[in-house]
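Enquirer: Below you'll find the structure I mean.
Readers should treat all values here as calculations from the given coordinates under stated rules, not as data from a laboratory. Computed from a prediction, not measured in an experiment: that's the story for all the values here. Positions of Cβ are generated from backbone atoms using ideal geometry, with glycine treated the same way; all protein chains shown enter the neighbour counts.
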Amino acid sequence: MTNESSAIALPGGAKMAASFTFDVDGESAAIAADAGLATSMSAMSHQAYGPLVGVHRILDILEGHRMKSTFFVPGYTADRYPHVVKDIVAAGHEIAHHGYHHVQPTGLSEAQQIEQIDRGCDVLEKLSGSRPIGYRAPMWDLSWQMPRLLAERGFLYDSSLMDADAPYRLLADPDADASATASAESIIEIPIQWALDDWEQYCFVPGLTELGPIQTPRNAVELWRSELDGMRTYGGCWVLTNHPFLSGRPGRAAALNDLIGEVVAMPDVWTACLSDIAQHFAAHPLTARTVEPIRQPGVPS
Ligand SMILES: [Zn+2]
């Protein structure tokens, strides 16, 4: 953890924080990567499994552990499956922003990024009753402009970056004065990491992701647990990202259920949804910083 973050006491005297998060990508992730996949009934059915089956299995698991989680929902998924958003909200979980289409902000103009944010906010607000305060970039591919665009729209936090073990205060503008701490000038960043994702373990869709042998739930959980065990030693905020179209399948869901049961029983781990974690860290003084842009001659920044 950064020094300032590690000095912040966690609820219950916990050594670390943990959050189980779910990205309800649905068809949007596939067609954003390759619009041609929309012509494949099979590929679309693979993605539709998430909102049709996986989400509700996961909601049942979370209810069994009385755990509140964060669901990142692309606006396109929300428009296509409005009842899914309503069911997540009715179960008491947080709905957060994951783009309108599952397109990476780095490939968009600023005007296009704004259109994606505002369009996603509008549909999530219409279905959930409140505007989201959390954002996660599709493919975790945050643009340099996005922290400012989020801060200008009242977002509390982002969860797309990887340069820390614990939440920190992220400057809205990478070129701004580092002493800025007002909420309008910074947001909370809750770091994530590729090893704590189920995509690399489970996703095999011809034409989209063909990473190689699909892993067993045992292998996936072993990887996620090793990072958790490390944070119980060193401290930090463990954020697991699962996709309902992947981890909602029966064998994987059963393994996830077991893992959640283990984690909630750990007295040194504070489990919470990301908005609760963000609000906890936002309530403490943290010096805002940024990811230093690359500025060498000949290298675009
Ligand atoms: Zn996604």
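Enquirer: Report, ordered by chain and residue number, the lysines lying within cross-link reach of Lys15, taken as a straight Cα distance under 22 Å and ignoring same-chain residues fewer than 8 apart.
Expert: Here the lysines satisfying the reach criterion relative to Lys15 are Lys68.
Enquirer: How high is the FRET efficiency from Asp122 to Thr233, r the C-beta distance, R0 41 Å, rounded to 0.05?
Expert: E(calc), rounded to 0.05, equals 0.40.
Enquirer: Calculate the dipole size of the chain relative to its Cα centre from +1 charges on Lys and Arg beta carbons and -1 charges on Asp and Glu beta carbons; express the result in debye to the nearest 20.
Expert: That gives a dipole near 560 debye.
Enquirer: Once fully extended, how much extra length lies between Ala254 and His83, figured as 0.36 nm per residue of separation less the alpha-carbon to alpha-carbon distance?
Expert: 59.1 nm
Enquirer: How far is it, in nm, from the label point at Glu262 to the one at Arg218 when both lie 7 Å from their Cα along the line to the Cβ?
Expert: Here the modelled spin labels are 1.3 nm apart.
Enquirer: Would you please classify the overall shape of the range 168-301 from the alpha carbon gyration tensor, given that a ≥ b ≥ c denote the square roots of the eigenvalues, rounded means a/c under 1.5, and beyond that prolate means a/b larger than b/c while oblate covers the rest?
Expert: Cα axes put the range 168-301 in the oblate bin.
Enquirer: While we're looking at this one, here's another question. Suppose we keep just the DSSP beta bridges with both residues in the chain; what percent of those would be antiparallel, to 5?
Expert: The antiparallel proportion sits near 20 percent.
Enquirer: What is the fewest-to-most order of Phe72, Phe245 by other Cβ atoms lying within 10 Å of their Cβ?
Expert: Fewest-to-most ranking of Phe72, Phe245: Phe72, Phe245.
Enquirer: May I pose another question? Starting from the Cα of Ser6, step 7 Å toward the Cβ, then list every residue of the range 216-250 with an amide N under 11 Å from that point.
Expert: Inside the label zone: 234-236.
Enquirer: Shape verdict for the range 1-150, please, from the Cα gyration tensor: rounded (a/c under 1.5), prolate (a/b greater than b/c) or oblate.
Expert: Oblate shape, in that a/c is at least 1.5 and b/c is the bigger or equal ratio.
Enquirer: While we're on this one: Excluding same-chain residues fewer than 8 positions from Lys126, which lysines have a Cα within less than 17 Å of its Cα?
Expert: Lys86
Enquirer: Tell me which trypsin sites (Lys or Arg not before Pro) from the range 40-91 have a DSSP coil assignment and no more than 13 other beta carbons within 10 Å of their own.
Expert: Arg66
Enquirer: Could I ask something else about it? In nanometres, what is the gap between the two model label sites at Glu115 and Ala195, each 7 Å from Cα along Cα-to-Cβ?
Expert: 4.0 nm
Enquirer: Further question on the same structure: Suppose each label sits 7 Å from its Cα in the direction of the beta carbon; what would the Arg153-Leu211 distance come out to in nanometres?
Expert: 2.8 nm
Enquirer: Here is a follow-up. Suppose only helical runs count, i.e. DSSP H with n ≥ 4. What mean residue ellipticity at 222 nm does that imply for the chain under -39500 (n - 2.57) per run, divided by all residues and rounded to the nearest 500 deg cm²/dmol?
Expert: Roughly -11500 deg cm²/dmol at 222 nm, from the helical runs in the chain.
Enquirer: Could you tell me which of rounded, prolate or oblate describes the range 213-264, using a ≥ b ≥ c as the square roots of the eigenvalues of the alpha-carbon gyration tensor, with rounded for a/c under 1.5 and, failing that, prolate when a/b is larger than b/c and oblate otherwise?
Expert: prolate
Enquirer: Give me the dipole magnitude in Debye, nearest 20, for the range 1-117 about the Cα centre, with unit charges on the beta carbon: positive for Lys and Arg, negative for Asp and Glu.
Expert: Computed charge dipole of the range 1-117: roughly 400 debye.
Enquirer: Another question about this same structure. Pick from Ala33, Ala96, Ala288 the residue whose mean-square fluctuation is largest in a GNM of the chain, springs joining Cα atoms under 10 Å.
Expert: Per the Cα network of the chain with a 10 Å cutoff, Ala33 tops the list.
Enquirer: Could you list Thr290, Thr209, Thr77, Thr39 in order of exposure, starting from the residue whose Cβ has the fewest other Cβ atoms within 10 Å?
Expert: With the fewest neighbours first, Thr290, Thr209, Thr77, Thr39 line up as Thr39, Thr209, Thr290, Thr77.
Enquirer: Identify which of Ile117, Ile214, Ile188 has the largest mean-square fluctuation in a Gaussian network model of the chain, with springs joining Cα atoms closer than 10 Å.
Expert: Ile214
Enquirer: Can you tell me the alpha carbon radius of gyration of the chain divided by the globular rule-of-thumb value 2.2 N^0.38 Å?
Expert: The value comes to 0.96.
Enquirer: Please arrange Met16, Met231 by how many other C-beta atoms lie within 10 Å of their C-beta, fewest to most.
Expert: By the 10 Å Cβ count, ascending, the order reads Met231, Met16.
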